[in-house]
Structures are given as structure tokens and as C-alpha cells.
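Engineer: This is the structure I want to talk about, given as C-alpha cells.
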Amino acid sequence: MFYKFAAVLTTLLAIYVYRSGRALYHHVLTVPALPKGYFAGGDYRDHCVVIKDEIDNRLTHCEHLIFWDHLDEEDSVTNRLVLLPCDPGRRAWNTVMGPMDDPDPSGDLWIYSTKTGSLSPITLANYPEGHDFHPLGMDVYPSKAGAPSNLFVINHARQNSTIEQLVLDPAQPTVATYVRTLTSPYFVAPNSLALTSPTSFYLTNDHLMTCRLPGLFGSILPTIETIGGPPLTWVAHITVLPDGAIQHKFAALGIAFANGVALSHDGLYLAVASSSLAKVHFYRRDPLTNELTHDRDVNVPFGSDNVMYDDDDTLIVAGHPHFPTFMDVVANKPGAKAPSWAVSIRPVSAGGVRELEGQKDPHSKTTGHDSRAPLSASVIAPASSTDEVETIFQSDGSVYGTSTTGLIDTRTGTFYLTGLYEDGLLVCYPEPRNNLGM
């Protein structure tokens, strides 16, 4: 009997090492030799700045980042705004990583103008009194010819996690009007969503075992699931009916820590981050049925967090290179800092390179596999035969840490990055700026 047990245990251990060994070694057992700061577009000290709320310091702990595009009748972008969900109370209330001590301080939504550089908090109009607001992932539908946009925000409230449906009006962009709260027993640990229409979206659930479990179960099991990476999480497709009821359909099962999700602009591919395995799963999508078929996986040099497609359908991925130092920051240990890393993923078959401001794209395949970065992605993540992975930004946490979401405005070449436990929004410009204070 003992030998049978030992054989089963050995087999399970071998499967785990084969499946998760790279992530365990590089992101748990090894501290990456990252630089103080690096930006692919130039010296970060000249090109990058952290934009902060200088009045109340509430632009902090921002998990996500999306563009709210205003379109004309021909679907051309006439204005682009950045929306951010931020939660200054995250250190006391985090249903994903813990702790869950104090849900009372509410989070905020912010709006940043790419034209003027102005930054403003968004007022929640008609929001139910006493209803918590702890925003995580979100997505907004573009506004066409001045029409209002539906905005869906994942809310990790004290009793259960919900999705808030709001409306943004271009005529009053700093006000989000409450419509309804969506709830479902399937919203176990909702993390990120990607709209497929004004009233439907893909939704990830990042854990099956959450910090909401009682006692030691809530303290231990989520961490085991995070590090061990069992394939217990999923992607669902949600349709919101006119009366507020929802239709829920499982779209992809068996994912280890399904985190960020993004839909390509042509609607044919869905990207899903697997944080525990340091990968991005790509699925082919049927636009008529919203059914998904697994297409390929791409390794990244960190625990992938959020994924976002840019205007050219290049995927931007940000995440966490070292889990223990990230947890030190979560635990608020004195002097703790956690690194940041953001990369682009571009299919090799796409051909050519993007030209910005008359210069060759610094992520060009002709430079080799991420050969410009101080710490190449190829040192940690094996090269893909289908996609090229190139570093956009990396830092040991000194310049900007705990990266979660990166996004590029390809019209201007400007790069944006948020940090789960950072103050402010990192903005890196394609041209040098003076006195950026980095």
C-alpha cells in the first residue's frame, strides 16, 4: 500500500513540476535581477512620470486601466480618455490576496484626459447608500456620436462580489450614473471582464477557494491555489437582459488563476492571463455564439495579471515577477517593494514592425528576442514559435512597483501602467519630457 501511495505522490509531484516548475522557480524561489527602471522607448528618467492626486492622494492602488473612446459616425476616434478603478483601502480589504479587515473605506473611479492631461475623480450618481464600492476590473463600451456608454465594474463588496452597471455620458464625463447591481452564485471571485456588446461580456473568476472562506480555510487555501496553480478557475460569458436578469454560460474551464481577459478589436480572439502558470492563453472566438476554442499559449516572464489589446491588436501584458516580495507589500512590511514588468505579445505571422514618430519600433523582431531589456524575457520565459514577447517596461520596484495593467495609445505612442499597491499612474511618452521627477 505504501508503495502505491508513494508512486501516486511521485506522479503527482512530477506532473506539478512539469506544469508549474518554471513559474515556481522563477517567480517564487528566485529574485529577478531587474534594473531600477527601464523603458523601451528611451531613458525612463526623461520619458516617464508618475501622475498623482496631489490633493487627497486617492489615485492609489489602481488595479486596472482602460480607454474610453469617443467615436464619430465613421467610427474614428475623436477623443480618448483613460478610466481607472482605484481603492485606497486595498491594504485593509482585498478579497483575492487578503486581508479582509476593514471594508468601510470606499474606492474611486478616475478619468484622465490624453489631450489635456487633466485628472478628475468620477462621481457615482444614484449609487445605493451603504453599498460598498471596491472596484477591480472593468470595461466600457465606446461612445458613438455623443451617445452614453455602458460601464461595468467588478465590485468586491463586503457581503459578496458583484458587478455594477453604470452609464457614462460624454456630455458629463466625470459622472457615472448607477443602473443596477448584478449578482450570481457563479460570481465566486470575479476579476476581469471584456465587453462583447453594450450588455454582454466575458468574465474571469480567479479563484475557486477565496479569502471569504471561514477561519484558516480562507487564510491558507487561496494561497495554496495561487502557488500550486490547480486548474480550478474559468471564463464565463454573461448577457444582461433588459430586466436586469443575467444569462451565464461557461466559456473556458480548467484555467489556473484566470486573471485578466481581453477581446481583440476584430472580435476573433480572446486572451486570458493565467497568473499561476505565468502564461497567456489565447482562444479563437465565434462572434455568433461566443464559444471559445483554445488556440495557443504564450509564456511570459512574470505572473501575468491584466491583458489589454492596443489599437493594432498587439497584446500588452503586465504582472508580478516575484510573488514573495509582492506578498511583503501586501502585508505592508516596512521597506517592502515589489517589481514591475510589462511586455507586448505580437504574433510572428503579423509581419512587419510598427513605426512610431519615424523611428523603428523598439520591440522589433529584428533586434532578437527581447535583447534590449536589461533582463531579457528569454532568460525566464522560453521563446514562443508563434509570438514575439518584448519588454516595454521593467523595474525592481524602485521607480514603480506591483504592476497590474499596461496599455499603449498607438496614436501617440504613450504607454500607461497601473500598480495594485502603487500611488499614481505611470505614463511614459515616446519623446523626452523635461523635469519629470523620476
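Engineer: Being within 21 Å of residue 323 (Cβ to Cβ), part of a loop (DSSP other than H, G, I, E, B) and touching a strand residue (DSSP E or B) at 6+ places or on another chain (Cβ under 9 Å) is the filter here; which residues of region 228-281 pass it?
Structural biologist: 229, 231, 232, 256, 257, 275, 276, 277, 278
Engineer: If you don't mind, another one. In this structure, does residue 54 turn out to be under 19 Å from residue 421 (Cα atoms) and acidic (Asp, Glu)?
Structural biologist: On the way: under 19 Å from residue 421 (Cα atoms): yes; acidic (Asp, Glu): yes.
The answer is yes for residue 54.
Engineer: Same structure again: List every residue pair whose Cβ atoms sit under 8 Å apart, with the two residues 6 or more apart in sequence or on different chains, where the first one lies in region 57-76 and is over 18 Å from residue 315 (Cβ atoms) and the second, anywhere, is assigned to a loop (DSSP other than H, G, I, E, B) and hydroxyl-bearing (Ser, Thr, Tyr).
Structural biologist: Here the result reads 61/421, each pair linking region 57-76 to a residue that is assigned to a loop (DSSP other than H, G, I, E, B) and hydroxyl-bearing (Ser, Thr, Tyr).
Engineer: Does residue 212 count as more than 23 Å from the chain's Cα centre (by Cα), surrounded by fewer than 22 Cβ atoms within 10 Å (Cβ to Cβ), closer than 19 Å to residue 136 by Cβ and of a type outside the set (Val, Ile, Thr)?
Structural biologist: Details: more than 23 Å from the chain's Cα centre (by Cα): no; surrounded by fewer than 22 Cβ atoms within 10 Å (Cβ to Cβ): yes; closer than 19 Å to residue 136 by Cβ: yes; of a type outside the set (Val, Ile, Thr): yes.
Judged against the criteria, residue 212 is not a match.
Engineer: Pairs under 8 Å by beta carbon, first residue touching a residue at least 12 places away in the same chain (Cβ under 8 Å) in region 239-260, partner in a loop (DSSP other than H, G, I, E, B) and open to solvent by less than 10 Å² (accessible area, probe 1.4 Å), six or more apart or different chains?
Structural biologist: 256/229; 257/206; 257/207; 257/229; 258/206; 259/206
Engineer: When both residues are 6+ apart or on different chains and their Cβ atoms are under 9 Å apart, which pairs have a first residue that lies in region 286-309 and is farther than 23 Å from residue 65 by Cβ and touching a residue at least 12 places away in the same chain (Cβ under 8 Å), and a second that is among the small types (Gly, Ala, Ser) and assigned to a strand (DSSP E or B)?
Structural biologist: Close Cβ pairs satisfying both conditions: 290/200; 290/251; 291/251; 292/251; 292/252; 294/252; 297/274.
Engineer: Go through region 118-146 and report how many residues are in contact (Cβ under 8 Å) with a residue 12 or more places away in the chain, open to solvent by 10 Å² or more (accessible area, probe 1.4 Å) and assigned to a loop (DSSP other than H, G, I, E, B).
Structural biologist: 9
Engineer: Moving to a separate point now. Tell me yes or no: at least one residue of region 164-182 is touching a His at 6+ places or on another chain (Cβ under 9 Å), open to solvent by less than 10 Å² (accessible area, probe 1.4 Å) and either more than 20 Å from residue 91 (Cα to Cα) or aliphatic (A, V, I, L, M) (or both).
Structural biologist: yes
Engineer: Quick one: would you say residue 82 is over 20 Å from the mean Cα position of the chain (by Cα) and in contact (Cβ under 8 Å) with a residue 24 or more places away in the chain? First the steps, then the outcome.
Structural biologist: Details: over 20 Å from the mean Cα position of the chain (by Cα): no; in contact (Cβ under 8 Å) with a residue 24 or more places away in the chain: yes.
No: the conditions fail for residue 82.
Engineer: Being farther than 30 Å from residue 225 by Cβ and either modelled with pLDDT of 95 or more or surrounded by fewer than 22 Cβ atoms within 10 Å (Cβ to Cβ) (or both) narrows it down to one residue among 59, 84, 65; which is it?
Structural biologist: None of the others qualify; the one that does is 59.
The values are calculated or read from the model by the stated rules, or taken from the named source; none is laboratory data. Bear in mind that the values here come from a model prediction, so they are computed numbers and not experimental data. When we count neighbours, we look across all protein chains shown, and the Cβ atoms used for this are built from the backbone with ideal geometry, even at glycine. Heads up: the accessible areas ignore ligands, DNA and RNA and are worked out on the full protein's heavy atoms, side chains in. Shrake-Rupley method; radii C 1.70, N 1.55, O 1.52, S 1.80 Å.
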